[in-house]
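The values are calculated or read from the model by the stated rules, or taken from the named source; none is laboratory data. These figures come from a predicted structure and were not determined experimentally. FYI the Cβ positions are ideal-geometry reconstructions off the backbone, even for glycines, and counts take in every protein chain you see.
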Amino acid sequence: MTEAGREIIEGCRAALGEPPRALGGRGLRTGVPLWLRLTRDAALREVLRHQDLLLAEGRAVWGCVVQAPTALLEPGRRDLPAVVVYSTDPAFDDMPGELQEIAARLFAVRGTEQPDPGLRGLAEMLAGRAPAATRTPLPRVLVGSLPVFATTVLVARRHLPGGTLAAGTFPLLVHPGTDATMIVPGRFWPGRLLRLWREAAGRPD
């Protein structure tokens with residue numbers, strides 16, 4: 001996916017159209033899962049509260065999974081959370097592969113003892129011992145000089161081709177007016193990304 005990164009993400013932006021968009025009434029909104037109604041997860045409630053803003057005015061950028069429930073790899077009905085990394089820096093349009101490497105480096109600190117306060121908080125969050133990430137800046141030791149953020153998304157199966165998390169890299173919608181992030185609905189994915197996704201799922205047709 002790395003070589004085609006810019007072509008694919010620009011294809012998503014073109015399919016979405018220029019903001020403001022009238023997408024909120026096109027069956028793209030995600031309802032509140034029952035399990036979320038029983039929790040106080042502020043990060044995911046923020047996602048659902050601001051999905052209209054993201055659909056209307058959000059910008060498509062590359063995102064990469066850090067960790068996600070294995071249940072999302074199989075067919076099912078439950079929408080579940082995942083931790084992802086992304087950047088709004090245009091340099092990453094060309095290099096989603098670099099985001100994959102950053103995601104792997106971040107996952108490696110999960111549950112470890114870290115002297116650096118920033119890394120310590122991320123290690124605790126990934127281990128489930130701290131609140132979910134919401135647009136948390138990653139330390140330079142993980143990302144270098146460009147800004148990269150960790151956040152929590154609600155993986156809405158209806159927005160994924162085939163309904164499963166077949167691959168770990170996909171387009172996200174972000175907006176400076178909210179810390180929330182959501183996956184770009186699959187109907188706005190260009191053909192090349194759809195083919196790559198289906199190949200990853202073992203369904204090349």
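Within the range 152-164, can one find any residue that is more than 23 Å from residue 197 (Cα to Cα) and of a type in the set (D, E, K, R)? Within the range 152-164 (the criterion being more than 23 Å from residue 197 (Cα to Cα) and of a type in the set (D, E, K, R)), the answer is no, since none of the residues qualifies. Mind telling me which of the residues 66, 109 ends up being buried (at least 19 other Cβ atoms within 10 Å of the Cβ) and over 15 Å from residue 181 (Cβ atoms)? Answer to the check: 109.
If I ask for residues that are under 17 Å from residue 59 (Cα atoms), surrounded by fewer than 22 Cβ atoms within 10 Å (Cβ to Cβ) and touching a helix residue (DSSP H, G or I) at 6+ places or on another chain (Cβ under 6 Å), which ones from the range 135-176 would you list? Scanning the range 135-176 gives 159, 175. Against the test of being assigned to a helix (DSSP H, G or I) and under 14 Å from residue 156 (Cα atoms), the options 106, 36, 53 yield a single qualifying residue, 36. Contact map, the range 23-50: first residue farther than 21 Å from residue 133 by Cα, second residue modelled with pLDDT of 85 or more and assigned to a loop (DSSP other than H, G, I, E, B), Cβ cut-off under 7 Å, separation 6 or more or different chains; pairs are 28/185. Where residues in the range 30-62 are of a type in the set (Lys, Arg) and either exposed (fewer than 14 other Cβ atoms within 10 Å of the Cβ) or within 26 Å of residue 6 (Cα to Cα) (or both), which of them is modelled with the highest pLDDT? So the residue we want is 59. Of all residues in the range 107-135, exactly one satisfies the criterion of being of a type in the set (Asp, Glu) and either touching a Cys at 6+ places or on another chain (Cβ under 9 Å) or closer than 20 Å to residue 86 by Cα (or both), namely 124.
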